[in-house]
Structures are given as C-alpha cells and as structure tokens.
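What follows is a set of notes on a single structure, which appears directly below.
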Amino acid sequence: VSPEIIHEYEDEASSKAGRQGRLKKGKRKRSKSVTHKLFALFVGTGKYRGSGMNLKYPEKDATMMADALKAVGKNLFGAQNLDVRLLTTAETDTKKMPSKANIQAALKDFAQKATADDVCFIYFSGHGDNWGQGAEAQFYYLTKDMISNDISDAAIRKTQTISSSEISDLTNAIACKL
C-alpha cells in the first residue's frame, strides 16, 4: 500500500477560518495494519422445558440477526476474521442450545481469543425477569431449562438463568470493544 498524498495548511488558523493559506504537500505513512476480528454471540430461546413459556420468534430473530451480521461482517472484517456463534432452541445439537453452560462457554472463549483491537456483539432474545429489591435487584435471562418464569428459588437462578452481573463479569473479561 503506497502512502497517500496529503494537503495541510502551514497556518492552522487559516485552515480553521476557511481562508486560503499556503499548502504544503507531504506523504503520510500509514501505520502498521492491524487485523480486526468480529466476535458475536446470538442467543434465541423460544422453547423452554415449561411449554407454557414458549415463544414464537426468538430463534428466528437470533438467526436472522446472526445472518445479517455475518453478511456485513464479511465485508468489514473478512470471512476469516468472523467468529459468529448462534445458540437457539431450534438446534438439536446440545452444544448449540441456549443453556447457561453454553452461553458462559462462548463468552469465556471470546475472552481467551479477543484482543483490544477486536469488536464483540452479544444478542439475547427470549424471556427475562427481574428479581430482588433495591441494590440487590438484577435482570435474569431465562435459559432453555426453565419450567416457569418463577425465579424466586436461588437454586433455579443459579442453574437455569444468567444474571446481569454474570453477563457483566463475563463481558468485562473480554478485551474487545462491546
């Protein structure tokens, strides 16, 4: 890649005022090229263990969002620099389903691979609920393992949901720009 010819005003005040000052020509050296990567996690939970909780569109929403980001990401980052993961209840492979363990594993893997020069995107579609009072209150994303939206039991919150503080801890461990 060749350096670009640039035009700068010798007199910065003239430049800011829009007046013609003397132009100086020079060559700007480009900095070293940095390969940016895109890491993205899309989670769509439409089917739950409790059938009364099922939703129609989260899997479709997450899939369409992932497809759109892949299409744009190929142009911006190059196909080889995309790590786009989709966890939905439409999948039959348990490793591709929106369980707490799979969500955590994906975000921990991003933390191992991503650098400060990379970009991360996280998308959740499905049920969520708030629990707690005052400073203790948190949002909880309900994973596929939920039977009902009752999250008053601490054991259920610990094993079948992912809290806003857990999501914050996991994403704070990722070096890239969120």
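Heavy atoms of the protein chains alone define the surface here; on that basis the range 23-173 has 59 Å² accessible area per residue at 1.4 Å probe size. Taking all protein chains together, His127, His36 sort by accessible area into His36, His127, largest first [probe 1.4 Å]. Applying 0.36 nm per residue to the separation of Leu55 and Ala135 and subtracting their alpha-carbon distance, the gain on full extension is 25.8 nm. Here the range 48-161 exposes an accessible surface that is 52 percent carbon and sulfur, computed with a 1.4 Å probe and the other protein chains kept in place.
Below 13 angstrom from the Cβ of Met146, what's the summed charge of the other residues (Lys, Arg +1; Asp, Glu -1)?
Values: positive: Lys47, Arg49, Lys100, Lys144, Arg157, Lys158; negative: Asp129, Asp145, Asp150, Asp153.
Local charge sum for Met146: +2.
Percent relative contact order of the range 45-171, based on C-alpha pairs within less than 8 angstrom and at least six residues apart? Normalised by residue count, the contact order of the range 45-171 is 29 percent.
The values are calculated or read from the model by the stated rules, or taken from the named source; none is laboratory data. Note that the structure is a prediction, hence the values are computed from the model and not measured. Positions of Cβ are generated from backbone atoms using ideal geometry, with glycine treated the same way; all protein chains shown enter the neighbour counts. Protein only, heavy atoms only, side chains kept; ligands, DNA and RNA dropped before computing areas. Shrake-Rupley method; radii C 1.70, N 1.55, O 1.52, S 1.80 Å.
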